[in-house]
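The values are calculated or read from the model by the stated rules, or taken from the named source; none is laboratory data. Bear in mind the structure is a predicted one, so any value in this text is a computation, not a measurement. No Cβ is skipped: glycine too gets one built from the backbone with ideal geometry, and neighbour counts run over all protein chains shown. When the accessible area is computed, the model is the full protein with side chains, heavy atoms only, and any ligands, DNA or RNA have been set aside. Shrake-Rupley method; radii C 1.70, N 1.55, O 1.52, S 1.80 Å.
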Amino acid sequence: MNSFIMKHRCAFVGILIILTSFQIIFAQNGMRLTLSDAIQIAIKNNRDIAVLQKDIEKSESEIQTASRVFNRNPELSGAVKDRMRSNGQSDIDFGLSMDLPIEIRGQRYYRRQIAETNLSKAKLQLQKKKIEITEKIKMLFVELTASSQKNSSIKDLLKVEEDLFNWMKVRANYGEISQVAMNTVNLEVLNTQEQQIAIEQAITAKRNELAWEMNYTIPESAEIVYEWQELPAVPEFEILANYAKKNNPDLAIASADEKIADAELNLIKGGAIFPEITPSIEFSREDNDNIFGVGLSFPLPIFNRKNAEIHSAKTEQEISALQKKNIEGKIISDLRNKCRMLKFLKERREIYTGKILPIAQQNLDETKILYQKGELDLPTLERFWDNWIQAKMDYADFLAEYYHTICEIEILVGKDLKELDKK
């Protein structure tokens, strides 16, 4: 009973420590949630990770079981005999023997190899899950950042349109603006307001999705830090392909499955012919004589009764090898496509940063000067402002696509590209 109470008390204390650590994160950051904080909380709170950690503990126990020198316990047998003599007297004879089967075809080695590979596989599955969580949180922050910047831009645009509408109302009082023109601008204001509501709705949905992925309630007062992360340098495709072959968790898991299939085939073969010998020690009491002896038994290899099992294991071995090739081929193909896409995205980024944004900014600046001099009216200024805002919003959507592609490449490679930069 005491051990039960202590066990659950320790679990309760552990939960309190985790929850307190998250509260400390928010307290230290002034109720600000950064990308690194979100990843840390998501990994600690993820239920699948908790299950995978239990799988690792289970696999460690299976290694201990597979490491036993003797796969079975010794067997003790005995017999008592009542021997009747010709003179009518009765003598009691008895005998004892102890047998211990010993495997001689390396079965222990193959069982341990399977158990150790299962442990490696469990660790790889845990690594894969952490990568998936990390990249998912990154993508959510990318989408939130893009939506936040679009929301900021749409607010600026809405202010300009409202100013234009108010200006036109004044002009309409003097009969200089028609009702059709007024309605047109009013519709622009309403459409922009609707667009702003849609963006804010998307932000709320993404915040809720982020909280779900973190398995944690984000306080409403907590500020999520929306900012574009520094873009990592992306190596050439050949370099990324080599990293993927070494680090991609799916490929490593497929290699582990292939290794397990090989070991299981060898284990079955080891149990087919002469799988073990059974030495024995015997003691018996007959006619007041003590008799000691040793024995050795082994199966006669007249029939190989594991032909079907061997055939099935060979088929499984071939399947695992084919699956590994298919997984590797799919990874390399996807990686090649993502690298090609990234090449086009880089070209588009240069057009945005080198031409579209600077030209839109220059046109707006020059239009502002002309407006302040009285050489242009407010509708003209609003049109150039709208062009500038639209360019910024399009660029935010573009950056979201760019960062998403980076995250997809990192999933395929199995590593953060910034870690590759350090090598």
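Some values worked out for this structure:
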item	result
Inter-label distance, nm, simple model (7 Å from Cα along the C-beta direction), SER297/LYS368	9.8 nm
Rough spin-label spacing in nm, given labels placed 7 Å along Cα→Cβ, for ALA198 and LYS418	3.4 nm
Between 0 and 90°, nearest 10: helix 2-28 axis offset from the chain longest Cα axis	20 degrees
Scattering curve values for the stretch 346-423, log₁₀ I(q)/I(0), Debye with Cα scatterers, q = 0.13, 0.15, 0.26 Å⁻¹	-0.56, -0.65, -1.10
Theoretical FRET efficiency, 1/(1+(r/R0)^6), r = Cβ-Cβ of PHE274 and ASN87, R0 35 Å, to 0.05	0.10
Net dipole in debye of the chain [+1 Lys, Arg Cβ; -1 Asp, Glu Cβ; about Cα centre; nearest 20]	820 debye
0 to 90° range, to nearest 10: angle between helix 357-372 axis and the chain longest Cα axis	30 degrees
Over 36 Å [Cα-Cα, the chain], rounded percent	57 percent
Degrees, to the nearest 10: 35-45 long Cα axis against longest axis of the chain	30 degrees
Label-reachable residues, the stretch 353-391, where backbone N falls under 17 Å from a point 7 Å from LYS155's Cα toward its Cβ	389-390
Equivalent ellipsoid semi-axes - Cα gyration tensor, the stretch 195-317, angstrom	67, 25, 15
Per-selection metrics, the stretch 94-172 (Cα): Rg and Dmax in Å	35.0, 123
Accessible-area composition of the chain, carbon plus sulfur, in percent [1.4 Å probe]	53 percent
Among GLN64, VAL180, LEU335 - extreme Cα towards positive end, dipole of the chain, charges at beta-carbon	GLN64
Rounded FRET efficiency, nearest 0.05, which uses the C-beta distance separating ARG349 from ASN387 and R0 of 22 Å	0.70
Residue-averaged 222 nm ellipticity for the chain, from DSSP H runs of 4+ at -39500 (n - 2.57), nearest 500	-25000 deg cm²/dmol
Label point 7 Å beyond Cα of ALA233 along Cβ direction - residues of the stretch 379-423 with amide nitrogen under 13 Å	418-423
Leading residue at positive end of dipole, the chain (Cβ point charges), from GLY414, ILE102, LEU140	ILE102
Accessible area of the stretch 90-245 divided out per residue, in Å², using a probe of 1.4 angstrom	55 Å²
Using alpha carbons only: equivalent-ellipsoid semi-axes of the stretch 45-129, gyration tensor based, whole Å	54, 14, 6
Calculated on alpha-carbon atoms, Rg and Dmax of the stretch 117-215 in Å	23.4, 85
Relative packing of peptides 367-378, 33-44, 92-103, 64-75 - highest average C-beta neighbours within 10 Å first	33-44, 92-103, 367-378, 64-75
